[in-house]
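The values are calculated or read from the model by the stated rules, or taken from the named source; none is laboratory data. Please read all numbers here as calculations on a predicted model, not as lab measurements. Positions of Cβ are generated from backbone atoms using ideal geometry, with glycine treated the same way; all protein chains shown enter the neighbour counts.
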Amino acid sequence: GDITLDKIIGGIQPGSLLVILGHPGAGKTTFAAKVLYENIRALAIKTLYISLAETHEKFISNMKRLRIDFKELEHRGFFEFIHVPSIAAEDAIEFIMKTLSEKILSEGTKIAVIDSITPLLNVLGTSRGRAFLHAALYDLINASKGVLILIADLPWGRESVELGGIEFIADAVLVFKTRIERGMLSRYIEIRKFRGAPIPLAEIPFAIIEGEGIRIFPILPTEEIPPLSTEKCYITKCRYLDEAWGGVPEGANISIVYPQNANIPLTIFGLLAKLIIENDLRTAIISFEIPAEGLAQALKAASSIYNLNIEKLEKNIVLEKSFNPTTYSLQELTGLVLSHIERAKAELIIIHGLETLYAIYPKELFMSISYNVAQYLKKLGIIVIKLIEGDVSRVSEIVSYSDIVHSIVYLGDPASGYRIRHIIWKSVPRYLTKALIHDKPIVIDDDKLALCFGEYR
């Protein structure tokens, strides 16, 4: 049900028993439902969901909020939901096993879910009852070559529970965990067991996103990250800047660092507006500090001053979104940002305020997630331009994986006044551009950039 998880563990093989453990609210039901939904969409197979807790109406309603529409799949015969009311555990097991046998062996159901087996295991205290469940499930899976997903609940504060030996015959055991971090709920998946697959990552952060469901963050092997290339390269038509940067390759990651407690120079908004307008780039504006609308207004103001095509700029700004990072876990915030970007089909992302995230969230988690997201966007060919407040040396970890590093410095003093200079510390490398200037940092006066955009000072 998730591309990233499929790459890590290789997918679920026919004839498999998958056990999902998890704390209340950790995402177990959402994950199992997404597995059914994505396999129906991909393979047009019959699926079954047996619930000992939720009613049909509640399940359908909850999934619809995540844009998982099982109602339509029910009408087409691909999905069936059965609610097992509160009855004696022995009777419930007999009913469930009879139903599974009929649906899987006789009607061709390929994936079935039981949510949850915890009430049954709590009541069945005898070894006979547990052995029956153990043997029946094992025989059913072997005979059907289908997939059975069992969900079990973990008490708060615990990461294991007695399953009556089912975990030993299971082909995979995934543990969905919740933790309170900075007062926010963070979610993780632990891959405790996955038969036949190496497990390079034992624990993976994820989020549940409204309108999307489970979102596991992209983790790409290095061989899948495309190298920087000038085959498709964008320019601003400002000679000084294009020569200094070496152009803007597709998928480039660019850091623009401006002094702390200072305004972003108008020339920066001018170069961003020129890049958008000259190349007709669908642009998303994301801010973690100020309203994104303010950044959009600055782009329009620069376009007006530099006599650029404001209508074309407005047409290409497809998303203006701000987030208050103190109200989200980093996993949830990242999932929301990616979801908005993907829906907007952005080709260029302007991100403002990453240094705020670096200050708020655990450093190691921030670096891990931000690096992997950057590589994921690079693979998609999306250009990322980060507007970062601070000194290059102070924010070095945030800019470390950038392809172009452009900083703004003020020269002078209060008595004589200040001049603005732009230093391009890192540009598209010489082996790609063949330009000697790209072997070292490049300095440009702000007046030159302004003149380039049509402003005479």
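Filtering region 405-436 to residues that are among the hydrophobic types (A, V, I, L, M, F, W, C) and over 23 Å from Ile383 (Cα atoms) leaves Val409, Leu411, Ala415, Ile420, Leu436.
So for region 331-346 (the condition being of a type in the set (Val, Ile, Thr), out of contact with any helix residue (DSSP H, G or I) (no Cβ under 6 Å at 6 or more places or on another chain) and under 23 Å from Arg67 (Cα atoms)), does at least one residue qualify? Checking region 331-346: at least one residue is of a type in the set (Val, Ile, Thr), out of contact with any helix residue (DSSP H, G or I) (no Cβ under 6 Å at 6 or more places or on another chain) and under 23 Å from Arg67 (Cα atoms).
For region 218-232, the candidate set comprises residues that are within 25 Å of Phe206 (Cβ to Cβ) and among the hydrophobic types (A, V, I, L, M, F, W, C); within that set, the residue that is surrounded by the most Cβ atoms within 10 Å (Cβ to Cβ) is Ile219.
The single condition from (1) surrounded by 21 or more Cβ atoms within 10 Å (Cβ to Cβ); (2) not in a loop (DSSP other than H, G, I, E, B) that Leu451 fails is (1). Note on region 37-52: residues that are of a type outside the set (D, E, K, R) and out of contact with any helix residue (DSSP H, G or I) (no Cβ under 8 Å at 6 or more places or on another chain) total 4.
Table: residues versus (1) touching an Asp or Glu at 6+ places or on another chain (Cβ under 9 Å); (2) among the aliphatic types (A, V, I, L, M); (3) at pLDDT 95 or above; (4) under 25 Å from Ala252 (Cβ atoms).
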| position | (1), (2), (3), (4) |
| --- | --- |
| Glu364 | no, no, no, no |
| Met367 | yes, yes, no, yes |
| Ser370 | no, no, no, yes |
| Gln375 | yes, no, no, yes |
| Ser396 | no, no, no, yes |
| Ser400 | no, no, no, yes |
| Ile408 | yes, yes, yes, yes |
| Leu411 | no, yes, no, no |
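The C-beta contact set for region 218-230 (first residue in contact (Cβ under 8 Å) with a residue 24 or more places away in the chain and in a loop (DSSP other than H, G, I, E, B), second residue surrounded by 15 or more Cβ atoms within 10 Å (Cβ to Cβ) and of a type in the set (S, T, N, Q), distance under 7 angstrom, 6+ apart or interchain) comprises Pro218/Thr4; Pro218/Asn372; Ile219/Thr4; Ile219/Asn372; Leu220/Asn372; Leu220/Gln375; Ile225/Gln375; Thr230/Thr433.
In region 375-423, the qualifying residues are those that are in contact with a Gly (Cβ under 9 Å, 6 or more places away or on another chain) and among the β-branched types (Val, Ile, Thr), and the one that is surrounded by the fewest Cβ atoms within 10 Å (Cβ to Cβ) is Ile398.
Of the residues Asn261, Asn324, the single one that is farther than 30 Å from Ala26 by Cα and either surrounded by fewer than 23 Cβ atoms within 10 Å (Cβ to Cβ) or of a type in the set (Asp, Glu) (or both) is Asn261. Looking across region 373-401 at every residue that is part of a loop (DSSP other than H, G, I, E, B) and hydrophobic (A, V, I, L, M, F, W, C), the one that is nearest to Ala346 (Cα to Cα) is identified as Ile382.
Close Cβ contacts (under 6 Å, 6 or more residues apart or on different chains) running from residues in region 395-420 that are assigned by TED's automatic domain parsing to the domain that holds Glu243 to residues that are part of a helix (DSSP H, G or I) comprise Val395/Glu355; Ile398/Leu354; Ile398/Tyr358; Tyr401/Tyr371; Tyr401/Ala374; Ile404/Trp245; Val405/Val399; Ile420/Asp446.
Quick check on Ile268: is it surrounded by 20 or more Cβ atoms within 10 Å (Cβ to Cβ), among the aliphatic types (A, V, I, L, M) and touching a Phe, Trp or Tyr at 6+ places or on another chain (Cβ under 8 Å)?
Details: surrounded by 20 or more Cβ atoms within 10 Å (Cβ to Cβ): yes; among the aliphatic types (A, V, I, L, M): yes; touching a Phe, Trp or Tyr at 6+ places or on another chain (Cβ under 8 Å): yes.
Yes.
If you go through region 74-96 and keep only what is of a type in the set (A, V, I, L, M, F, W, C) and either assigned to a strand (DSSP E or B) or over 22 Å from Lys145 (Cβ atoms) (or both), you end up with Phe79, Phe81, Ile82, Val84, Ile87, Ala88, Ala89, Ala92, Ile93, Phe95.
Considering only residues of region 337-348 that are hydrophobic (A, V, I, L, M, F, W, C) and crowded, with 19+ Cβ neighbours inside 10 Å, which is nearest to the chain's Cα centre (by Cα)? Only one residue tops the list, namely Leu338.
A Cβ distance below 8 Å, combined with a sequence gap of six or more or placement on separate chains, defines the contacts here; from region 326-346, residues that are closer than 14 Å to Leu185 by Cα reach residues that are among the hydroxyl-bearing types (Ser, Thr, Tyr) and part of a loop (DSSP other than H, G, I, E, B) in the pairs Leu330/Tyr361.
Output the residue which, of all residues in region 41-55 that are in contact with a Lys or Arg (Cβ under 7 Å, 6 or more places away or on another chain) and among the hydrophobic types (A, V, I, L, M, F, W, C), is nearest to Ile82 (Cα to Cα). Among those that are in contact with a Lys or Arg (Cβ under 7 Å, 6 or more places away or on another chain) and among the hydrophobic types (A, V, I, L, M, F, W, C), it is Leu48. When region 432-455 is filtered for residues that are β-branched (Val, Ile, Thr) and under 16 Å from Tyr410 (Cβ atoms), the ones remaining, listed by number, are Val443, Ile444.
Selection over region 425-447 of residues that are in contact (Cβ under 8 Å) with a residue 60 or more places away in the chain and surrounded by 16 or more Cβ atoms within 10 Å (Cβ to Cβ) gives a count of 8.
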